[in-house]
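Q: Got a structure here, written out as structure tokens. Questions coming.
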Amino acid sequence: MDIAAQWAGGALTIDLAAIAANYRTLQSVVGGECGAAIKADAYGLGALTVGPTLEKAGCRRFFVAHLSEGVALRPVISRDIPIFVLHGPPPGTSRDLLEAGLTPVLNSVEQLAEWRALAASLGRMLPAVIQIDSGMARFGLTAEIVTTIANDPGMLAGVKPLFVMSHLACADEPQHPANAAQLAAFLRLTALFPTLPRSLAASSGIFLGPEWHFDIVRPGAALYGVNPTPGRPNPMRPVVRLQARVIQTRDIPTGQTVGYGGLFTAARPTRVALLGIGYGDGFHRAASNRGRAVLPSHPETHLPIIGRVSMDSLAVDITDLGCLLVPAGTPFDLIGPHISLDEAAAAAGTIGYELLTDLGGRYHRSYTQGHAAS
């Protein structure tokens with residue numbers, strides 16, 4: 001272990017080859033083009049590294065949430081590859097967005113008007129994506145506004161729509177009636193713009209079936225190993241391995257409590273390992289008395305996290321390892337080949353998306369080209 005890794009309480013290893021393989025898997029599922037959502041710093045994994053990896057794998061459309069994310073990403077992505085800002089331009093920033101080489105997703109009449117005004121001032125057409133609300137009531141133009149635009153082409157004067165998009169609210173629940181309802185609404189509204197390409201599906205939407213694919217899909221979490229098909233085997237390769245190092249071990253008697261609030265009481269003489277990560281590193285406090293850890297040399301033995309997860313540490317019951325020596329510095333897996341990201345998230349009462357994006361900056365981070373989670 002290099003000295004920089006020893007300085008940190010935990011280590012996060014990110015398998016770039018797995019991200020590239022996941023992209024190719026998703027691309028093989030769809031008939032059209034596969035972009036990539038790289039917002040939230042590529043779901044916490046480092047957009048400036050992940051972005052070029054995905055471009056090399058064949059990605060030719062990138063999506064970020066905020067203007068600031070696009071500005072940061074632009075220097076590491078080829079200039080001819082578009083980066084779409086999903087939230088559109090904040091008020092008064094359309095020129096900044098354009099000069100940064102980004103393309104807005106227009107979600108409101110106000111954004112559309114500002115982009116149209118900039119086009120008029122420059123005397124040229126400006127590219128944009130039009131987002132419509134197909135039933136999620138989050139982002140996008142309402143059905144009434146979409147109809148108005150279709151009947152009044154002047155509302156798009158100076159705007160060159162590249163495609164029209166929407167977003168599914170319940171794609172991770174294949175039988176949810178909202179999926180069919182949103183598909184029907186999307187078909188009805190996009191029929192008003194018959195020449196424009198269409199985009200509806202993100203990660204889970206891809207697995208609803210080809211009728212949801214249209215011309216462009218926009219996976220995010222699936223690229224990073226989150227299961228886009230909850231309740232079924234994960235078709236994606238694992239991407240992250242999270243390890244925490246032992247600070248110390250101790251033996252406690254029956255009846256002894258552990259950690260803040262005495263949340264755990266030993267029912268037997270117990271060996272405890274204290275690991276050097278906690279909720280300050282984005283490992284959720286809700287995993288208290290619920291999560292698991294694995295010693296890589298004994299993968300068959302899942303060891304319970306006991307007591308309250310603290311800001312900088314957590315406790316693991318290692319009694320089932322017997323008298324095995326576990327010295328300070330020994331790494332334990334909290335996410336890895338024997339505890340999936342989704343399993344760790346479920347133990348914390350959340351989803352893989354949230355746990356992944358919460359993993360903090362205190363870890364020693366390293367990138368590999370394979371075998372990060374093996």
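Q: Determine the calculated [θ] at 222 nm for the chain from helices alone, applying -39500 (n - 2.57) to every DSSP H run no shorter than 4 residues and normalising by the residue count; nearest 500 deg cm²/dmol.
A: -7500 deg cm²/dmol
Q: Take the alpha carbon atoms of region 106-157, find their radius of gyration, then divide it by 2.2 N^0.38 Å using N residues; give the quotient.
A: 1.15
Q: At GLU110 and ASP96, where each label point lies 7 Å from the Cα along Cα→Cβ, what is the point-to-point distance in nanometres?
A: Result for the modelled spin labels: 1.6 nm.
Q: Let me ask another. Any idea how far the Cα center of region 15-50 sits from the one of region 216-275, in Å?
A: Centre-to-centre distance over Cα atoms comes out at 25 Å.
Q: How about region 284-374: which trypsin sites (Lys or Arg not before Pro) there lie in a loop by DSSP and see at most 16 other Cβ atoms within 10 Å?
A: ARG290
Q: Another question, if that's okay. Given a 1.4 angstrom probe, I'd like the percentage of the accessible area of region 88-152 that is carbon and sulfur, rounded to a whole number.
A: Looking at region 88-152 in its full context, I get 55 percent from C and S.
Q: Let me ask you something else. Starting from the 7 Å offset along Cα-to-Cβ, what nm value, one decimal, do you get for the label separation of GLN175 and THR319?
A: A separation of 4.1 nm, rounded to one decimal place.
Q: Moving on. May I ask for the angle, rounded to the nearest 10°, between helix 16-29 and the longest principal axis of the chain, with both axes built from Cα atoms and the value confined to 0 to 90°?
A: That works out to roughly 50 degrees.
Q: On average, how much area does the Cα convex hull of region 44-115 cover when viewed from any direction, in nm²?
A: Spelled out: convex hull of the Cα atoms, projected over all directions, averaged, 4.6 nm².
Q: Could you sort MET136, MET165 by their accessible area in this structure, using a 1.4 Å probe and putting the largest first?
A: Per-residue accessible area, sorted high to low, gives MET136, MET165.
Q: So what are the ³J(HN,Hα) numbers for region 143-159, from phi and the Karplus equation (6.51, -1.76, 1.60; θ = phi - 60°), rounded to whole Hz, Gly and Pro as x?
A: Rounded to whole hertz, the list is 4, 5, 5, 4, 5, 4, 4, 4, 8, 9, x, x, 5, 10, 4, x, 9.
Q: Need one word for region 68-183: rounded, prolate or oblate. Basis is the Cα gyration tensor (sqrt eigenvalues a ≥ b ≥ c); a/c below 1.5 gives rounded, then a/b vs b/c decides.
A: Taking the square roots of the gyration eigenvalues as a ≥ b ≥ c, region 68-183 is oblate.
Q: Next up: Taking the DSSP beta bridges in the chain as the whole, what percent of them are antiparallel, to the nearest 5?
A: The answer is about 55 percent antiparallel.
Q: Pairs of alpha-carbon atoms within less than 8 angstrom and 6+ residues apart define the contacts here; what relative contact order does the chain have, in percent?
A: Rounded, it is 19 percent for the chain.
Q: A follow-up question, please. In whole percent, and with a 1.4 Å probe on the protein chains, what portion of the accessible area of region 186-242 is carbon and sulfur?
A: So the carbon and sulfur contribution to the accessible surface is 59 percent.
Q: With unit charges on the beta carbons (Lys and Arg positive, Asp and Glu negative) and the dipole taken about the Cα centre of the chain, which residue among ASN179, LEU189, SER310 sits farthest to the positive side?
A: SER310
Q: Need one word for region 251-325: rounded, prolate or oblate. Basis is the Cα gyration tensor (sqrt eigenvalues a ≥ b ≥ c); a/c below 1.5 gives rounded, then a/b vs b/c decides.
A: oblate
Q: Would you grab the residues whose amide H sits under 5 Å from the one on VAL159? Only those 5+ places off in sequence or on another chain, please, with H modelled 1.01 Å from N.
A: Residues meeting the criterion, in which the H sits 1.01 Å from N, are LEU126.
Q: While we're here: Choose one of THR147, SER108, LEU86: the residue whose Cα lies farthest towards the positive end of the charge dipole of region 68-154 (beta-carbon charges +1 Lys, Arg; -1 Asp, Glu; about the Cα centre).
A: The Cα lying farthest towards the positive end belongs to LEU86.
Q: Assuming a ≥ b ≥ c are the square roots of the Cα gyration tensor eigenvalues, decide whether region 222-279 counts as rounded (a/c under 1.5), prolate (otherwise, with a/b larger than b/c) or oblate.
A: prolate
Q: If you average the alpha carbon positions of region 307-374 and of region 125-139, how far apart do those two centres end up, in angstrom?
A: 38 Å
Q: At 1.4 Å probe radius, can you tell me the per residue accessible area of the chain in Å²?
A: The answer is 42 Å² per residue.
Q: So what's the angle, to the nearest 10 degrees on a 0 to 90 scale, between helix 177-190 and the longest Cα principal axis of the chain?
A: 30 degrees
Q: Looking only at THR350, THR254, THR53, which one moves most when the chain is put into a Gaussian network model with springs between Cα atoms under 10 Å?
A: It is THR254.
Q: Hey, got the dipole for region 99-165? About the Cα centre, +1 on K and R Cβ, -1 on D and E Cβ, debye to the nearest 20?
A: Dipole of region 99-165, to the nearest 20 debye: 180 debye.
Q: Measure nothing fancy, just the Cα-based angle from helix 109-122's long axis to the longest principal axis of the chain, in degrees from 0 to 90, nearest 10.
A: 60 degrees
The values are calculated or read from the model by the stated rules, or taken from the named source; none is laboratory data. None of the values given here were measured: they were computed from a predicted structure. A quick note on method: Cβ atoms are made from the backbone with ideal geometry, for glycine too, and the neighbour counts reach across all protein chains shown. Each accessible area value is taken on the protein alone, full model and side chains, heavy atoms only, with ligands, DNA and RNA left out. Shrake-Rupley method; radii C 1.70, N 1.55, O 1.52, S 1.80 Å.
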